[in-house]
Each structure stands twice: as C-alpha cells, then as structure tokens.
Amino acid sequence: MAVEPHKHCPICGTPIPLNELVCSPDCQKVWNQRLNQQKKSRYMLTGVIILFLAIWAVMTFMK
C-alpha cells in the first residue's frame, strides 16, 4: 500500500503532483495575492530602513 509521491497545495492542503505549484485557479489567485503582499512588505521595510539610516546619518554628521 504505497502512496505516490506528491506534495500539498500551500493554500488549501489538497494533495497535488510534484510538478504543480497549487491545485486550482482559485488557489493560484490567492498565491499571487500573497506574493504581492510579501513584495509590498519588503519594499516598505527597505524604505523604512533607508529612511532610518538617512535620519541617523544626518543627526550624526550635523553635530
């Protein structure tokens, strides 16, 4: 009683073939939304860090 090699959809947990990313177009839509949100979060974090470093540099060198 062997189980075929498979993985699970990261959105809903349904078993899918190894070469698939998600199980359905609905899950693909959710996956894409999550990726876009992650990109936005990374850009915002990078912006905040750059802003902090710029303020720190100005405060340090303006003494």
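Any read-out appearing in this document is the output of simple, stated calculations on the displayed coordinates, not a laboratory observation. Please read these numbers as outputs of a predicted model, since none were measured by experiment. Neighbour counts are summed over all protein chains in view; Cβ atoms, including those assigned to glycine, are modelled from backbone coordinates with ideal geometry.
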#### Entry: Scan of region 16-41 for residues that are over 18 Å from the mean Cα position of the chain (by Cα) and among the polar types (S, T, N, Q), ordered by number
Asn19, Ser24
### Summary
Reported set for region 1-49 where residues are surrounded by fewer than 12 Cβ atoms within 10 Å (Cβ to Cβ) and hydrophobic (A, V, I, L, M, F, W, C) is Met1, Ala2, Val3, Leu18, Leu35, Met44, Leu45, Val48, Ile49
### Query
Restricting the first residue to region 21-46 and requiring it to be without any contact (Cβ under 8 Å) to a residue 12 or more places away in the chain, which pairs with a second residue that is part of a loop (DSSP other than H, G, I, E, B) meet a Cβ separation below 6 Å and a spacing of at least six or different chains?
Gln28/Val22
#### Entry: Single residue of Phe52, Phe61 found to be over 24 Å from the mean Cα position of the chain (by Cα) and exposed (fewer than 11 other Cβ atoms within 10 Å of the Cβ)
Phe61
